[in-house]
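In what follows, a structure is listed as structure tokens, so that the remarks can point back to it.
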Amino acid sequence: MSALARAPALRPVLRAHRDVGRVRHISNSLYDKTINNIKVNENTRVIYQGFTGKAATLNAQQTIQYGTKIVGGVTPGRSGTHLDLPLFPTVAEAAKELKPDATAIFVAAPYAASAIEEAIAAEIPLIVAVAEHVPLHDMLRVHSMLRTQSKSRLIGANCPGIVNPNGHCRIGFMPHPSFLPGSIGIAAKSGTLSYEAVASTTRVGLGQSLVVGVGGDAAAGTTLAEAVGVFLEDDKTEGLVIIGEVGGDTELEAAELVRVYKQNGGTKPVMALLGGRCAVEGRIMGHAGALRGLHATVEEKARAFENAGITLVQHPGQFGEGMMKLLGRPLPREPVKGMGPNGPQRRGLHTIARRRPEASVLPPVNHKRSFYTKDQTLALEVLEKFAPNIHVSTARPKGPTYSVGISVNGGSIRSPSLVVGKNNESLKFFPFEYLSEPPAQEAYNFLRPGSNVSFEMFQSLVNKLNETFLQLKVYSLHFEHVSGGTVHLHKSDSSVIRFDHSAPLPIDAEGPETSAEKEAAKYGIVYVTLPGEGNIGTLVNGAGLAMNTCDVINARGGSPANFLDTGGKATGRTVVEGMRQVLADPRVKAVFVNIFGGLTDCKMIGEGILMAYKELDMEKMGVPLVVRLRGTNEEIGQKLIKESGLPVLAFHELDGAVEKVIELAKAR
């Protein structure tokens with residue numbers, strides 16, 4: 001029985017047709033029964049899909065060393081043994097012979113959905129899919145399948161996975177050396193911020209009961225709120241850390257769960273961090289779901305957390321000491337170290353999934369980064385080409401209008417929603433099953449658009465929009481001004497189309513990226529120029545940490561020039577090219593490099609900084625550089641910088657580093 005099913009006070013919050021903030025849920029009653037499948041332990045039997053691939057092989061070797069019970073794996077068309085473990089050609093055969101409790105899916109993005117569906121068909125209790133850039137509409141199809149069954153639970157896609165330090169069970173690629181058996185539950189959208197939270201709670205000796213990286217995609221297999229519900233009811237968890245960010249509304253659901261829990265006498269301390277206050281409207285901040293748009297803002301989420309009695313922090317390094325204070329315990333005399341071994345790990349498939357597999361059976365496609373546009377000329381082109389039966393006008397509407405669209409919400413809904421709104425009023429979401437007709441009657445009854453708009457007219461428009469949504473495979477197709485059955489598009493309009501980064505663009509369209517941002521993307525770097533004074537350039541590994549770095553700089557009175565995520569596979573060359581883009585911004589007066597080496601090797605980052613100094617002639621530029629290196633091989637990276645004799649200021653803690661870079665930027 002699921003944790004939510006055992007908790008009458010919590011269950012209604014995530015059940016069918018209840019409004020939480022602006023979110024209206026559809027029933028996931030069968031799938032809800034699988035939530036306790038995430039509670040892995042020392043007895044959890046794990047298989048790999050894509051077992052013989054390089055990424056899976058390396059990950060399996062490290063995971064076996066950690067102590068996880070790996071029992072075999074699957075590679076299509078192959079059988080025998082691999083790593084001295086049984087190898088099967090299908091998941092069904094592996095499931096029959098090995099009786100696994102979980103599967104780690106290490107296949108490239110184009111094949112990830114099919115691999116998940118194969119695991120669901122074999123009724124594997126827990127499915128962890130790590131690949132990023134899985135097409136959204138593939139995941140919507142997967143969720144339609146998940147909702148019809150009560151055996152399998154999905155974490156991911158685009159997630160670092162799950163770790164139970166007490167049972168030495170790791171599924172995914174979280175960097176286990178910093179983990180410590182303990183009692184703090186961590187639920188996070190951001191991988192890098194979750195690693196920082198792990199390190200912080202380890203240093204004070206609290207350790208972790210379970211860490212769930214749900215990922216930052218819009219249609220997550222397990223949401224932040226669902227993981228929070230489990231932790232609130234888990235006897236082995238005495239404190240909870242929540243890491244959310246811009247995009248979606250699942251943080252509102254998590255806040256409501258905590259509010260109800262505390263209202264009913266719950267005493268576990270809950271702390272949280274929200275990334276993305278720096279987010280630029282309409283820009284994707286690294287994670288596919290990290291977008292300011294139709295959903296709750298970070299400020300609204302923060303208010304919901306505060307109203308629920310959740311303690312907010314500025315950065316994850318504050319979780320350890322903060323949790324000790326809330327629990328009423330003294331800090332240890334010396335920082336506590338993780339379990340080790342402290343060896344470098346590779347992120348592997350999670351980031352290399354952007355490349356097409358060498359032996360692809362799919363036709364070649366030109367994948368572009370996701371983008372969100374309010375370009376009304378482009379919107380007009382889309383409608384004329386793909387929905388010619390929709391009447392469109394470029395004139396400003398006269399009289400009352402309403403907004404209408406099809407969008408993926410990014411919370412617990414995990415299906416499309418018909419989104420409607422009256423002028424100057426909040427939007428209303430009406431979820432429906434993927435590939436089915438939208439609930440036009442329900443939305444029409446809510447809108448009451450007037451006698452000049454018949455239900456038949458409204459239904460026809462909605463169905464045409466849904467057909468276009470499916471044909472284009474977009475995240476969102478939303479039009480702000482509709483009168484009667486006519487869509488109005490004019491220059492001051494705020495209609496939105498958000499294309500999927502993992503699907504081929506159906507038209508020749510350019511996103512809002514600058515030339516510098518496009519150049520950075522060639523090296524796997526996500527770079528977004530931020531507005532304002534922008535006198536501090538940033539170079540960070542991980543989208544969540546990059547957002548949080550900019551947020552902290554802003555909160556301390558500084559002005560970040562950019563968001564820059566090097567990705568988990570950052571190399572020396574990545575650092576050089578990222579630094580090149582940062583220094584090309586004439587506003588930049590100082591640069592801050594913030595690295596948490598969970599999966600990124602700090603030694604490699606140190607080498608990259610030295611390369612950048614030489615290749616870019618940074619010493620001649622005179623731009624001061626502040627570097628914070630924590631995690632894997634941090635001592636080696638810091639030593640390289642120190643012994644170089646270059647004028648680089650190295651810091652161990654974030655607070656001191658941010659204060660120094662702000663001081664240096666203001667002094668120039």
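The values are calculated or read from the model by the stated rules, or taken from the named source; none is laboratory data. Remember, it's a predicted structure, so these values are computed and weren't measured experimentally. All Cβ positions, even for glycine, are placed from backbone atoms using ideal geometry, and neighbour counts span all protein chains on display.
For every residue, the table says whether it meets (1) modelled with pLDDT of 95 or more; (2) surrounded by 21 or more Cβ atoms within 10 Å (Cβ to Cβ).
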| position | (1), (2) |
| --- | --- |
| Ser515 | no, no |
| Ala520 | no, yes |
| Leu530 | no, yes |
| Thr538 | yes, yes |
| Leu545 | no, yes |
| Ser559 | yes, no |
| Lys569 | no, no |
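Put simply, of Thr267, Thr311 the only residue that is under 18 Å from Ser200 (Cβ atoms), more than 19 Å from the chain's Cα centre (by Cα) and modelled with pLDDT of 80 or more is Thr311.
If I ask for residues that are outside any helix (DSSP H, G or I) and either of a type in the set (Asp, Glu) or at pLDDT 95 or above (or both), which ones from region 245-257 would you list? Before you say what the answer is, go through the steps one by one.
Within region 245-257, the subset outside any helix (DSSP H, G or I) is 245-249.
Once the filter is applied, which keeps residues that are outside any helix (DSSP H, G or I) and either of a type in the set (Asp, Glu) or at pLDDT 95 or above (or both), region 245-257 yields Glu245, Asp249.
Of the helices (runs of 4 or more DSSP H) entirely within region 600-668, those holding at least 1 residues that are buried (at least 24 other Cβ atoms within 10 Å of the Cβ) occupy 602-615, 634-644, 654-667. For region 643-668, a tally of residues being within 17 Å of Leu539 (Cβ to Cβ) and of a type in the set (D, E, K, R) returns 1. Among the residues here, Glu226 does not qualify as in contact with a Pro (Cβ under 6 Å, 6 or more places away or on another chain), surrounded by 24 or more Cβ atoms within 10 Å (Cβ to Cβ), charged (D, E, K, R) and touching a residue at least 12 places away in the same chain (Cβ under 8 Å). Scanning region 63-86 for residues that are within 32 Å of the chain's Cα centre (by Cα), under 17 Å from Glu118 (Cβ atoms) and not small (Gly, Ala, Ser) turns up Val74, Thr75, Pro76.
Of the helices (runs of 4 or more DSSP H) that lie entirely inside region 64-168, those containing 2 or more residues that are closer than 29 Å to Ala543 by Cα, out of contact with any Ser or Thr (no Cβ under 6 Å at 6 or more places or on another chain) and at pLDDT 95 or above span 109-121, 136-146.
Could you say which residue among Ile413, Ile406 is modelled with pLDDT under 85, crowded, with 16+ Cβ neighbours inside 10 Å, out of contact with any Cys (no Cβ under 6 Å at 6 or more places or on another chain) and under 30 Å from Leu224 (Cα atoms)? It would help to see each step written out before you state the result.
Working: Ile406 fails: modelled with pLDDT under 85.
Being modelled with pLDDT under 85, crowded, with 16+ Cβ neighbours inside 10 Å, out of contact with any Cys (no Cβ under 6 Å at 6 or more places or on another chain) and under 30 Å from Leu224 (Cα atoms) holds for just one of Ile413, Ile406, which is Ile413.
Restricting to region 577-599, name every residue that is hydrophobic (A, V, I, L, M, F, W, C) and either under 18 Å from Phe563 (Cβ atoms) or part of a strand (DSSP E or B) (or both). Quick ask: steps written out before the conclusion?
As a first pass, look at region 577-599 and keep what is hydrophobic (A, V, I, L, M, F, W, C): 579, 582-584, 588, 590-593, 595-596, 599.
Passing the criteria: Met579, Val582, Leu583, Ala584, Val588, Ala590, Val591, Phe592, Val593, Ile595, Phe596.
A Cβ distance below 9 Å, combined with a sequence gap of six or more or placement on separate chains, defines the contacts here; from region 296-308, residues that are in a helix (DSSP H, G or I) reach residues that are modelled with pLDDT of 95 or more and of a type in the set (Ser, Thr, Tyr) in the pairs Phe305/Thr311. Checked against (1) at pLDDT 90 or above; (2) out of contact with any strand residue (DSSP E or B) (no Cβ under 7 Å at 6 or more places or on another chain), Phe469 meets all criteria but (2). If you take the residues of region 192-223 that are closer than 24 Å to Gly276 by Cβ and among the charged types (D, E, K, R), which of them is surrounded by the most Cβ atoms within 10 Å (Cβ to Cβ)? Here the answer is Glu196.
If you take the residues in region 429-441 that are within 25 Å of Gly229 (Cα to Cα), crowded, with 18+ Cβ neighbours inside 10 Å and modelled with pLDDT of 90 or more, which one is nearest to the chain's Cα centre (by Cα)?
Out of the qualifying residues, it is Pro431.
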